[in-house]
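Peer 1: There's a structure below that I have some questions on.
The values are calculated or read from the model by the stated rules, or taken from the named source; none is laboratory data. Note that the coordinates shown come from a computational prediction; the quantities given were computed from them, not determined experimentally. Here the Cβ is made from the backbone with ideal geometry for all residues, glycine too, and neighbour counts use every protein chain on show.
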């Protein structure tokens, strides 16, 4: 190549052109750097966390299995007991018991009670489980009285020798026919329990919330008998 050709080539490839190519290469490198910075970092799996998660999943499955077994057991035996209850209606019913606080059979019918009064000079008839006496205030009437002293709540017995009720705690005295106070610190007569008579059978309601607290005797407090 002669000198004139070299001179033309030198003028064709200018320094600005060379610098432009360099700037382009530099810009291309900057774009790649930005792309690398913006790219999300690769998340490496944590073996410890994966093991914990697996154990939790196994526990949940185990609990669900146990719960399902229990529910199945209850369903099966629930049906069994339901069927048994249908075949034996009284099998699962609580036993009916008569005790203080409920309705209690007096343990004697009207005819025998009236004969008892006649034979014992109107002495009161005692029902120990029910904590009451049945007294005979007047002809063809009876009363069930709570044997709890109205003074301080002691149990009041019948004193046959004195022919009256005599509280042993503080000496309160009550009349044998009406249970009104005859002496001592008692503030009022003995309380009265309601009586129901059906077919000659006597039932006394010993619920303390239904007893009658009174200040004197009134024939309306007694129950008529035929």
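Peer 1: Give all pairs with beta carbons closer than 6 Å in which a residue from the stretch 163-174 that is in the same structural domain as residue 152 (by TED's automatic domain parsing) and at positive phi meets a residue that is in a loop (DSSP other than H, G, I, E, B) and surrounded by fewer than 17 Cβ atoms within 10 Å (Cβ to Cβ); count only pairs at least 6 apart in sequence or on separate chains.
Peer 2: 171/184
Peer 1: Let me ask another. Among the residues of the stretch 154-164, how many are over 39 Å from the mean Cα position of the chain (by Cα) and either in a strand (DSSP E or B) or at pLDDT below 95 (or both)?
Peer 2: Total satisfying the criteria: 3.
Peer 1: Would you check if residue 52 is modelled with pLDDT under 60 and part of a helix (DSSP H, G or I)?
Peer 2: yes
Peer 1: Would you confirm whether any residue within the stretch 140-155 is crowded, with 16+ Cβ neighbours inside 10 Å and in contact with a helix residue (DSSP H, G or I) (Cβ under 6 Å, 6 or more places away or on another chain)?
Peer 2: No; the residues of the stretch 140-155 include none that is crowded, with 16+ Cβ neighbours inside 10 Å and in contact with a helix residue (DSSP H, G or I) (Cβ under 6 Å, 6 or more places away or on another chain).
Peer 1: Do any strands (runs of 3 or more DSSP E) lying entirely in the stretch 165-226 carry at least 1 residues that are within 39 Å of the chain's Cα centre (by Cα), and which ones are they?
Peer 2: In the stretch 165-226, the matching strands (runs of 3 or more DSSP E) lie at 195-198, 201-205.
Peer 1: Looking at the stretch 104-123, is at least one residue part of a loop (DSSP other than H, G, I, E, B), within 34 Å of the chain's Cα centre (by Cα), more than 19 Å from residue 219 (Cβ to Cβ) and at pLDDT below 95?
Peer 2: No; the residues of the stretch 104-123 include none that is part of a loop (DSSP other than H, G, I, E, B), within 34 Å of the chain's Cα centre (by Cα), more than 19 Å from residue 219 (Cβ to Cβ) and at pLDDT below 95.
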